[in-house]
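A.B. asks: Before I ask anything, here is the structure I am working with.
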Amino acid sequence: MPDDQRASDGLASCRYSVHISNAQAAESTGDFDSATASYSSALSLANTAELRSSLESAIAAMKARREGEETARQVQEWLGAAAEAEKAGDLDTAAAWYRKAADVNDPGAMHKLGLAYYNGNGVEQDINKTIELLTKAAEVGNSASMFQLGLVYHAGDGVGKDYAKALEWY
């Protein structure tokens, strides 16, 4: 291999490493735009299919993390708005905010919306929706939903009494 080719390959390797380092530093500080730009620059210098695949996976994972963080921020806003509406006695609006958060699978919101359906607060009373939402929340570890399901099945409130099922959830 000629010396100028080795120098060119070495320079590309250095640029690749710098782009990777910059991407990782930017990602660690939450600067996803800079991280994406640096990963993309590194991708253009990747000289094997394995490197390209690895970088494409890193970019996809970073984008998913960014979307997850944005969703978590939005959920907190929605839950805050729901709590304010509930405090003001506007149960229709509270239920609408809880529904938005429940739609992105927030267990606390699923629990609160399930209770809204149970009591008919801001939504039409619906025991099937109650069971559905509380079960989804309970299945991901929401203990308040587990307990509430136990109570519903124990009392047979809107469903047949089922002590075995109640015991499972308590």
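A.B. asks: Taking the stated definitions as given, is W97 among the hydrophobic types (A, V, I, L, M, F, W, C) and open to solvent by 60 Å² or more (accessible area, probe 1.4 Å)?
C.D. replies: Spelling it out, W97 is indeed among the hydrophobic types (A, V, I, L, M, F, W, C) and open to solvent by 60 Å² or more (accessible area, probe 1.4 Å).
A.B. asks: So is D92 open to solvent by 80 Å² or more (accessible area, probe 1.4 Å), over 25 Å from E139 (Cβ atoms) and out of contact with any Pro (no Cβ under 8 Å at 6 or more places or on another chain) or not?
C.D. replies: So D92 passes the test.
A.B. asks: Now for a separate question. What are the pairs, 6+ residues apart or on separate chains, where a residue within region 48-75 that is under 30 Å from K100 (Cα atoms) has its Cβ under 7 Å from a residue that is open to solvent by 60 Å² or more (accessible area, probe 1.4 Å)?
C.D. replies: Here the result reads T71/V104; V75/V104, each pair linking region 48-75 to a residue that is open to solvent by 60 Å² or more (accessible area, probe 1.4 Å).
A.B. asks: When Q74 is evaluated against the numbered criteria (1) under 21 Å from the mean Cα position of the chain (by Cα); (2) modelled with pLDDT of 95 or more, which criterion, by number, is the only one it fails?
C.D. replies: Only one criterion is unmet by Q74, namely (2).
A.B. asks: Out of (1) farther than 30 Å from G30 by Cβ; (2) part of a helix (DSSP H, G or I); (3) without any contact (Cβ under 8 Å) to a residue 24 or more places away in the chain, the odd one out for A94 is which?
C.D. replies: Condition not satisfied by A94: (3).
A.B. asks: Among the residues that make up region 97-105, is at least one of them in a helix (DSSP H, G or I), in contact with a Lys or Arg (Cβ under 6 Å, 6 or more places away or on another chain) and either touching a residue at least 40 places away in the same chain (Cβ under 8 Å) or closer than 30 Å to S34 by Cβ (or both)?
C.D. replies: No, region 97-105 has no match at all.
A.B. asks: Just give me the residues in region 112-157 being outside any helix (DSSP H, G or I), touching a residue at least 24 places away in the same chain (Cβ under 8 Å) and surrounded by 15 or more Cβ atoms within 10 Å (Cβ to Cβ), in sequence order.
C.D. replies: Listed by number, the residues that qualify are N121, G122, V123, N142.
The values are calculated or read from the model by the stated rules, or taken from the named source; none is laboratory data. Only a predicted model underlies this, so the values are computations on that prediction, with no experimental measurement involved. Because the Cβ atoms are built from the backbone with ideal geometry, glycine has one as well, and the counts that use them run over all protein chains shown. The accessibility values were calculated without ligands, DNA or RNA, using every heavy atom of the protein model including side chains. Shrake-Rupley method; radii C 1.70, N 1.55, O 1.52, S 1.80 Å.
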